[in-house]
Structure formats: C-alpha cells, structure tokens
Amino acid sequence: MNISTGIKLSLMMFLQYFIWSAWYVTMGTYMSEPPLQATGIQIGATYGALAIATMISPFFVGLIADRFFAAQKIMGVLHILGAGLLFMATKITDNNIFYWTILCYSLVYMPTIALSNSVAFSQMTDPGKQFPWIRVFGTIGWIVAGVMIGQMGIEKSADTFYVAAAVSGGLGLLSFILPNTPPKAQTADASSALGTEAFVLFKDKSYLVFFIAAILICIPLSFYYGFANPFLNELGFPNAASKMTLGQVSEAVFILAIPLLFNRIGVKNMLIFGMLAWVLRYVCFAYGNVGDASWMLYAGIVLHGICYDFFFVTGYMYTEKKAGEKIKNAAQGLFTFATYGLGMVIGTGYSGFVVEGAKTAEGHNWMSIWMVPAYIAAAVLVFFIIFFKEKRTTTAN
C-alpha cells in the first residue's frame, strides 16, 4: 500500500467516525431541549433506531452492495443521502417524525461501516499489521468531533447535526476518489448475510454462556450511550462532550494491552474484568457530582476503555478463535447482530423507561437510574462466573 492510498484511507476512517460522534453522543441532550422536549422513552427509542439499522445492514451489504456495486461508490451515495437526512433532522419538531428520520439515516449510515472496512482491506498487503494503523484514525476522528462539539458549546443545539451533515457530504464526495473496490460477485443469501452458519458454535456451552452474557451486557451499555451526556449536562459538568472523549482515549490505550493480556490471563479473566468495570462505572456515575466527587465522573468516563475493550474486543477475538477460518466471518457477523443489534434494541428501550420513571421536578434521580445498569452488569457478571467453564488452555496459546 503506497503513501497516497494510506492517506486517503486514513482520512476516510477519520471522517467516518467523526460523523458518528458529532451527532450521536449528544443526541439525547438535544432531544431533551426545545423544540423536541423528548421523554426518556422517546430518547431511548431513538437511540434504538441505530441498533435496528445494525441488524438490517448486513443484509444490505451482503446481498446488494457486495454483489452489484463498487464499495467506494455506494458508500459515496449513502453518505450524501445521509447528509441530507441529518440536515432534515434539524427542521423537525415532532418526536415521531424525528425518530423515523434518525432511523432512515441509521439505515443509510450503518452499511458504510462495513463498506469502509472493505475499501481499506482491499488495498492492504498485510491487513493484520496495516489495518490497525488505518482504523486508529477512526478513533481519532471520534475524539476530535467530541472535543470540537464541547468546545463550541453546541451540545444542546441543532448545530451538531449541521456539523455531521457537512462532514457526511464531504466524505460522500471523497468516496468517489477512493481506491476502486469492485463488487465481489459472490453468491449470497439471507442466511449467510446474517451469519447463521455460526449457530454451530452454540453447541459449545461456554460459548453459549458468553453469547448470552454479551447480549445482556448491552443493556447497561445502552444506558451510557443514550443518557451519559444528558446526565453530565444536567449536573452542570462543563464541556461534557469534550470530556467524554476521554473514554475513547482510554479505549485506544487499553486496546494495546489486549493481545498480551488475552494470552497471559486468559479470556475468562479478561471478560470478568470488563464486566466488573461496567459495575464500577455506573457506581461512579451514581455517586459522582461536580463538586468534591467530580473524580468519580471522570472515572466513569475513563473506565469506558476497559468496559469496551476487555469485553467487546476480547469477545471478537474469542469468537474468531472458537469459529476458526471457515466460519469466522459468519461468526463475527452473528456476534455484531446479537450485541449491537438485538442487545442494544432491548437496552435502549428499557433504559428509556427507567430514565422516564426517575424523572423529578428538578430533573432526574440519577442515582437510582445509574444503579439499575450497575445491578444488571453485576447480575451478568455472576451468571458468567458461575456458568462459563472454558479452560485456559483452550483460549491462551
């Protein structure tokens, strides 16, 4: 891969995740303000739109995009359409219409994640070494967007969507000059797009226990994605969006430790540490404040690296190890469908009801809210410790 191609791919990844960060992190805060003044249930449901799109996008990519279109061209079209939908979202004052607009946008955006990966991989001679250096620019893009939104002081305004729309349009145009990635012209069906070939993994009791835990842990995850920014803003935590990017910095740091720890302490301990971090995060949020306990708010944010990396990144590695070469793509697709799709649909809906039920005259009873995902994460942790019986020798070489 030459330098010019590397620069284009890095810029593609930067913009891809900049867009997502710019509108997604602060959407709950925006929705709670006029003109939408959404309830917790409406905010949770709208965040669930992205999870629904996650479940649908494999069918689009596997059955249509991969077979009939060059990846970079369809990605360009989708991002330009996305720019229009993000702009439209700023003109809407009805929560029901806003939900459908975000759902339509999510259906347009989510396939571009797989398409951007496809464009990047097609240009690499050694993906194992080259892809992490390209993908890290996505994390940098997410961080830059959060810092920009926070420093501009626009977390509660429609300007976040304008920023995301402008960058989406730019990436759409850039996509047409990305390296050509022709269609794979392969035969695919709904079963392979969904990853049902990987159902064979459920014969392994340990993997089944892990898979169930992965779906359930997405319930507390959805509390963070949907309501952490509204919570921090309601507490008066300054530049919340900027400071929430510390979670992505933490993610980038901890991911470097995973290959070493995965082999040294074993997958079970990695996953346990990840789930324990979920419990600690929400306890920190429950008892934190902007005064003498502000360190707990920072701790809850920084723990994102362990929460995400030690469970989800380790989970992807564990899934690939269990699946083997023949069905690894199907297994990863099924894992994504179940967690960021099914798990998040359940979690976003439930979190919305919890937040709405804890509404007070002054705002919300956040301590009672955050203890709910803490208890759920603790229950999943206990379930996992009791029933996951994988031996170290089968997961660490």
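The values are calculated or read from the model by the stated rules, or taken from the named source; none is laboratory data. Being a predicted model, the structure only gives us computed values, none of them experimental. Note that each Cβ is placed from the backbone with ideal geometry, even for glycine, and that neighbours are counted across all protein chains shown. In case anyone asks, the SASA skips ligands and DNA or RNA and just uses the protein heavy atoms, side chains included. Shrake-Rupley method; radii C 1.70, N 1.55, O 1.52, S 1.80 Å.
Taking the criterion of being over 21 Å from the mean Cα position of the chain (by Cα) and in a helix (DSSP H, G or I), the residues of segment 133-161 that qualify are 151, 152, 159. Selection of first residues in segment 240-263 that are over 24 Å from residue 28 (Cβ atoms) and among the β-branched types (Val, Ile, Thr) and of second residues that are in a helix (DSSP H, G or I) and open to solvent by 10 Å² or more (accessible area, probe 1.4 Å), restricted to Cβ pairs under 8 Å at least 6 apart or on distinct chains, gives the following pairs, ordered by first then second residue: 255/313; 258/310; 258/313; 258/317.
Restrict the check to segment 314-325 and report whether at least one residue is of a type in the set (Phe, Trp, Tyr), part of a helix (DSSP H, G or I), within 30 Å of residue 203 (Cβ to Cβ) and in contact (Cβ under 8 Å) with a residue 60 or more places away in the chain. Yes, segment 314-325 contains at least one residue that is of a type in the set (Phe, Trp, Tyr), part of a helix (DSSP H, G or I), within 30 Å of residue 203 (Cβ to Cβ) and in contact (Cβ under 8 Å) with a residue 60 or more places away in the chain.
Counting residues in segment 117-127 that are open to solvent by 40 Å² or more (accessible area, probe 1.4 Å) and either of a type in the set (D, E, K, R) or farther than 23 Å from residue 7 by Cβ (or both) gives one or more.
Criterion first (closer than 17 Å to residue 383 by Cβ, β-branched (Val, Ile, Thr) and at pLDDT below 90) does residue 253 satisfy it? So residue 253 fails the test. Answer with yes or no whether residue 368 is at pLDDT 95 or above, within 22 Å of the chain's Cα centre (by Cα), of a type in the set (Ser, Thr, Tyr) and open to solvent by less than 60 Å² (accessible area, probe 1.4 Å). When the stated conditions are applied, residue 368 does not pass them.
When each of 74, 19, 52, 64 is tested for being open to solvent by less than 10 Å² (accessible area, probe 1.4 Å) and aliphatic (A, V, I, L, M), the lone residue that passes is 19. Residues in segment 284-303 that are open to solvent by 50 Å² or more (accessible area, probe 1.4 Å), in contact (Cβ under 8 Å) with a residue 12 or more places away in the chain and in a helix (DSSP H, G or I): 287, 298, 302. Which residues, taken from segment 108-123, are over 18 Å from residue 330 (Cβ atoms) and either without any contact (Cβ under 8 Å) to a residue 40 or more places away in the chain or of a type in the set (Gly, Ala, Ser) (or both)? Scanning segment 108-123 gives 108, 116, 120, 122. Annotation: residue 106 fulfils all but one of (1) over 18 Å from residue 160 (Cα atoms); (2) in a helix (DSSP H, G or I); the unmet one is (1). Taken as a whole, the structure places residue 309 among residues that are charged (D, E, K, R) and within 16 Å of the chain's Cα centre (by Cα).
The residues listed here are 75, 110, 88; of these, the one that is under 15 Å from residue 182 (Cα atoms) and either at pLDDT 95 or above or hydrophobic (A, V, I, L, M, F, W, C) (or both) is 75. Here 340, 375, 350, 318 are screened, and the one residue that is open to solvent by 50 Å² or more (accessible area, probe 1.4 Å) and within 21 Å of the chain's Cα centre (by Cα) is 350.
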